[in-house]
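Heads up: the structure comes next, in structure tokens.
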Amino acid sequence: MCETCGCGLPEEAKNHAHEHDHDPGRTHREEAVLYRNLLAANEAQARENRAHLMEHGILAVNLMSSPGTGKTSLIEAVTASLSDQLRVGVIEGDLATDRDAERIRALGLPVWQITTGSTCHLDAAMVHEALHHLPLESIDLLFVENVGNLVCPGLYDLGCHLNGVLLSVTEGDDKVAKYPVIFKYAQFFCITKSDLLPYVSFDAAKPQREARILKGDLKTFSLSAKSREGMGSFLNYLLAERAALTA
Amino acid sequence: MHEWSLACELVRQAETEARRRNALRVHAVKASVGVLTGVVPELLQRAYEMARQGTCLEEAPLEIEVEAIRARCPRCGREVTLHSPALVCPDCSALGLEVLGGDGIFLASLELEVAETAGGNHV
């Protein structure tokens, strides 16, 4: 079929000028088959972010969870333990306020707050913009704290090297099966606030098992940023990943 | 509500394509949504109806086709089709399936009204 007018001439005629009668005033319907990826622009930007961070030797870690799971507390605890080994920087994502950024600034760390307004997730373009506001030459480990939401952030690659999902013991042990999409890009899974386990009915093995069903190679941790139990293996994981990146 | 961001991108790409093809009218838009994206078709439909306001898609209904997950099992090597996002082999229960499809969201096609080319030669 002629691609230009759909007149039914054979395939070979496409590349040749050919004569036929069409009424220039007439119109017709045609189907344009496209299959254009709606996430392509985000994925391209994410690849660019990753390469840019790599050039600076920065390990970037995207933290995703519901609101109140302890993403900021985990960043504070990691910083307190690793400050003599790695220089930490933070990008904060929230719908409103810069309260999280204030907490990070109080630690003396470089931080940039993204206020998304009505958007329920960070995307690669927002992270790219934030990178312009951070002193990349003096950061080794960059946390990107996503908007508190267990659904939407899962679809957007930000260009981080590691993507982690956090679930606190107070949220219930049934959440992994209910929110599987958040694990799409995830490399690790942290159960947080483990110091509260004696007070809630939460079977820690269940979400870890279900998370590994979703992603067989997922690294899992159970920790408390407050009591510091279980923090050691998470810190070692971050150090090993940073060493592998710059090796 | 990541459906809103996706609907805006869908409208943006459909408009660009309709303009590039000199379409006189857009009759219909078709999107393909993979099960592993977690996108809710009903929410995407509603978001599309808001996002298309003031564009050349105002008269164009959206049809959404849901694409099942295609994956290969690392243990038994079989290619399987899954209709929920749990990546477990239905035959041998192995984990860590390699995803081959059903994890994307696409502007699949547009049905356009176009002018017939003026008579005579064209390439």
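The values are calculated or read from the model by the stated rules, or taken from the named source; none is laboratory data. Because the structure is predicted, anything quoted here is derived from the model rather than measured. Quick reminder, even Gly has a Cβ in these numbers, built from the backbone with ideal geometry, and neighbours come from all protein chains shown.
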From (1) surrounded by fewer than 21 Cβ atoms within 10 Å (Cβ to Cβ); (2) not in a strand (DSSP E or B); (3) not aliphatic (A, V, I, L, M), pick out the condition that doesn't hold for B:Y48. (1)
Cβ-Cβ under 6 Å pairs, at least 6 apart or on other chains, segment A:145-160 side farther than 17 Å from A:L53 by Cα, far side among the aliphatic types (A, V, I, L, M) and buried (at least 24 other Cβ atoms within 10 Å of the Cβ): A:N146/A:M64; A:N146/A:L122; A:L150/A:I182; A:P153/A:M64; A:G154/A:I182
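Listed here are the residues, each with its yes/no results for (1) buried (at least 24 other Cβ atoms within 10 Å of the Cβ); (2) at pLDDT below 95; (3) within 13 Å of chain B (Cβ to nearest Cβ).
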{"position": "A:C120", "(1), (2), (3)": "no, yes, yes"}
{"position": "A:H132", "(1), (2), (3)": "no, no, no"}
{"position": "A:D140", "(1), (2), (3)": "no, no, no"}
{"position": "A:N149", "(1), (2), (3)": "no, yes, yes"}
{"position": "A:P153", "(1), (2), (3)": "yes, yes, yes"}
{"position": "A:C160", "(1), (2), (3)": "yes, no, no"}
Show the residue pairs that are 6+ apart or on different chains and have beta-carbon atoms under 8 Å apart, the first residue being within segment B:20-48 and facing another protein chain (nearest Cβ under 9 Å), the second being among the aromatic types (F, W, Y) and assigned to a strand (DSSP E or B). B:A31/B:F106; B:S32/A:Y35; B:S32/B:F106
Surrounded by fewer than 22 Cβ atoms within 10 Å (Cβ to Cβ) and free of Cβ contacts under 8 Å to residues at least 40 places away in the same chain: is that true of A:L239 in this structure? no
Going through B:L36, B:L95 one at a time, which residue ends up being modelled with pLDDT under 95, touching a Gly at 6+ places or on another chain (Cβ under 9 Å) and part of a helix (DSSP H, G or I)? B:L36
Does B:Q13 qualify as being surrounded by 15 or more Cβ atoms within 10 Å (Cβ to Cβ), away from every other protein chain (no Cβ under 13 Å), part of a helix (DSSP H, G or I) and modelled with pLDDT of 90 or more? no
Can you spot a residue in segment B:52-63 that is part of a strand (DSSP E or B), more than 10 Å from chain A (Cβ to nearest Cβ), crowded, with 18+ Cβ neighbours inside 10 Å and not acidic (D, E)? yes
What strands (runs of 3 or more DSSP E) lie completely within segment A:1-108 and have 1 or more residues being under 18 Å from the mean Cα position of the chain (by Cα) and modelled with pLDDT of 95 or more? A:59-64, A:88-94
Conditions: (1) among the small types (G, A, S); (2) at pLDDT 95 or above; (3) assigned to a loop (DSSP other than H, G, I, E, B). B:A86 meets all but one. Number of the miss? (2)
Return the residues of segment B:98-116 that are at pLDDT 90 or above and in a loop (DSSP other than H, G, I, E, B); say none if nothing qualifies. B:G102, B:D103, B:G104
Screening A:A101, A:A40 for residues that are over 30 Å from B:V33 (Cα atoms) and small (G, A, S) leaves only A:A101
Within segment A:27-72, the count of residues that are surrounded by fewer than 17 Cβ atoms within 10 Å (Cβ to Cβ), of a type in the set (G, A, S) and touching a strand residue (DSSP E or B) at 6+ places or on another chain (Cβ under 9 Å) comes to 1
